[in-house]
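First the structure, in the form of structure tokens, and then the observations on it.
Values in this text are rule-based calculations from the coordinates and carry no lab data. Just so it is clear, the model here is predicted, and its values are computed rather than measured. Neighbour counts are summed over all protein chains in view; Cβ atoms, including those assigned to glycine, are modelled from backbone coordinates with ideal geometry.
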Ligand code: SAH
Ligand code: SF4
């Protein structure tokens, strides 16, 4: 069976022509898939019945099964756990605040980077997601939005997995999400979040793309970062910062640093000062997020006072930062957390 979301427009054309259909059918099928986000061939009402039946026999639209679908108590965050045909789980989170309709999608089942505070890191790496498996997460949420006359406005690649480890599929998926004849999500409205895979950041900078990147820094000294992020030994802070300077120089774009505040560990004034010295004068912004507690890590989120003190210290170095609220805590909307609860229940 062919997973249709795995195919580019040209590949879909070849597939459809191979079924003895005229080329113009591709555009029709594409519209049903990406603009209307239908879930069955039956709904593709402008296709001949015989073609729809053939598609049914040879192709699939949805390969993932929804295992859990939860709405947070404030009704603004929805989290879906999908099971893939090989039994693996991936999570997708939808957040609707004010006019924004943001989805947080996964790029891998599991993750090889092993960050100690992360539920996905705690499970280890299973496999890369295909282009179709990445894109289908957006399609799933697009379906309900289209029915309401709305659309996805932003996408963050902050679900399970390290996007730059699955480089080729991630970038192909971004191109697909970006497609004007499809979901048409602006390249600038998509954010790639990375643990700091230095060679991939350099390669990405050379591509001259509009899609911004966020770096999960979480500590400003190697001694502290080594404890949280094992791959820091491979790609230490100074190399990441060099890669960021290269990226900024090449693209003229601002870099975002992510910082999950863990009480007593990386929320100290010393860490804030070290961060201030590290990125002072750089075209960047820091997102401060209180840690989401996970079963495999004993750290706790920082208190509001500690967060404020951290932020004030950064201001002394003219480093701009935003404190991000934790949303959807009651539905375990943090990366990898829902799978954790279903599998280990
Ligand atoms: N692998 C990529 C993207 C997925 S993780 C990356 O690491 O950037 C998305 C973000 O969630 C990262 O900034 C990551 O550090 C953060 N994160 C993971 N577990 C977390 C937790 N328990 N609490 C707060 N943030 C967490
Ligand atoms: Fe992987 Fe990102 Fe989790 Fe680290 S934080 S283990 S890189 S998903």
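The simple spin-label model puts a point 7 Å past each Cα toward its Cβ; for residue 283 and residue 210 those points are separated by 1.6 nm.
With runs of 4+ DSSP H residues as the only contributors, calculate the mean residue ellipticity of the chain at 222 nm using -39,500 (n - 2.57) per run, divided by the residue total and rounded to the nearest 500. Walk me through the numbers before you get to the answer.
Values: 12 runs with 122 residues, N = 345.
Value at 222 nm, helices only, nearest 500: -10500 deg cm²/dmol.
Set against the 2.2 N^0.38 Å expectation for a compact globular protein, the range 2-60 has a Cα radius of gyration ratio of 0.97.
By how many degrees, 0 to 90 and rounded to 10, does the Cα axis of helix 9-18 deviate from the longest principal axis of the chain? The angle comes out near 30 degrees.
Rank the residues 322, 153 as a footprinting-exposure proxy: fewest other Cβ atoms within 10 Å of their Cβ go first.
Working: 322 12, 153 15.
With the sparsest Cβ surroundings first, the list reads 322, 153.
Working from label points 7 Å from Cα in the Cα-to-Cβ sense, the residue 143 to residue 263 distance is 4.1 nm.
On full extension, the segment bounded by residue 46 and residue 71 gains 5.5 nm, given 0.36 nm per residue less the C-alpha separation.
Give me 35, 233 sorted ascending by neighbouring Cβ count inside 10 Å, so fewest comes first. Don't skip to the answer; put the middle values down first.
Numbers: 35 15, 233 10.
With the sparsest Cβ surroundings first, the list reads 233, 35.
The distance linking the range 188-244 with the range 2-17 is 34 Å (Cα centroid to Cα centroid, whole angstrom).
What's the extension gain from residue 245 to residue 226 if we count 0.36 nm per residue and subtract their Cα-Cα distance?
On the way: separation 19, 0.36 × 19 = 6.84 nm, distance 2.18 nm.
Gain on stretching residue 245 to residue 226: 4.7 nm.
What full-extension length gain, to one decimal in nm, is calculated for residue 36 and residue 11 as 0.36 nm per residue of separation minus the Cα-Cα distance? Working shown, then result.
Numbers: separation 25, 0.36 × 25 = 9.00 nm, distance 2.01 nm.
Extra length from residue 36 to residue 11 when fully extended: 7.0 nm.
State the percent of C-alpha pairs, over all pairs in the chain, separated by a distance greater than 40 angstrom. That fraction is 15 percent.
How high is the relative contact order of the range 1-145? Use alpha-carbon pairs under 8 Å, at least six apart in sequence, and give a whole percent. Rounded, it is 20 percent for the range 1-145. A simple packing score, the average count of other Cβ atoms within 10 Å per residue, orders the peptides 254-266, 51-63 as 254-266, 51-63, with the highest score first. Descending by average beta-carbon neighbour count within 10 Å, the peptides 246-253, 193-200 line up as 193-200, 246-253, the highest first. The angle separating the long axis of helix 49-58 from the principal Cα axis of greatest extent in the chain is about 50 degrees.
Taking the C-alpha atoms only, the angle from helix 131-147 to the longest principal axis of the chain is near 80 degrees.
For the range 60-134, just say rounded, prolate or oblate: build the C-alpha gyration tensor, square-root its eigenvalues into a ≥ b ≥ c, call rounded for a/c under 1.5, and beyond that prolate if a/b exceeds b/c, oblate if not.
Details: a/c = 1.95, a/b = 1.31, b/c = 1.49.
Because a/c hits 1.5 or more and a/b fails to exceed b/c, the range 60-134 counts as oblate.
Given the range 246-288 reduced to its alpha-carbon atoms as identical point scatterers, what log10 I(q)/I(0) does the Debye formula return at q = 0.13 Å⁻¹? Values, matching the q order: -0.33. This ranking places 38, 65, 90 by how few other beta-carbon atoms lie within 10 Å of each, fewest first, which gives 65, 38, 90. Diffusion coefficient (Stokes-Einstein, Kirkwood radius over C-alpha pairs, 4 °C, 1.567 mPa s) for the range 110-259: 80 µm²/s, rounded to a whole number.
How would you rank 155-165, 301-311, highest first, on the average number of other Cβ atoms within 10 Å across their residues?
Details: 155-165: 24.9, 301-311: 16.5.
Peptide ranking by packing, descending: 155-165, 301-311.
Taking the DSSP bridge list for the chain and keeping only pairs wholly inside it, about 50 percent are antiparallel.
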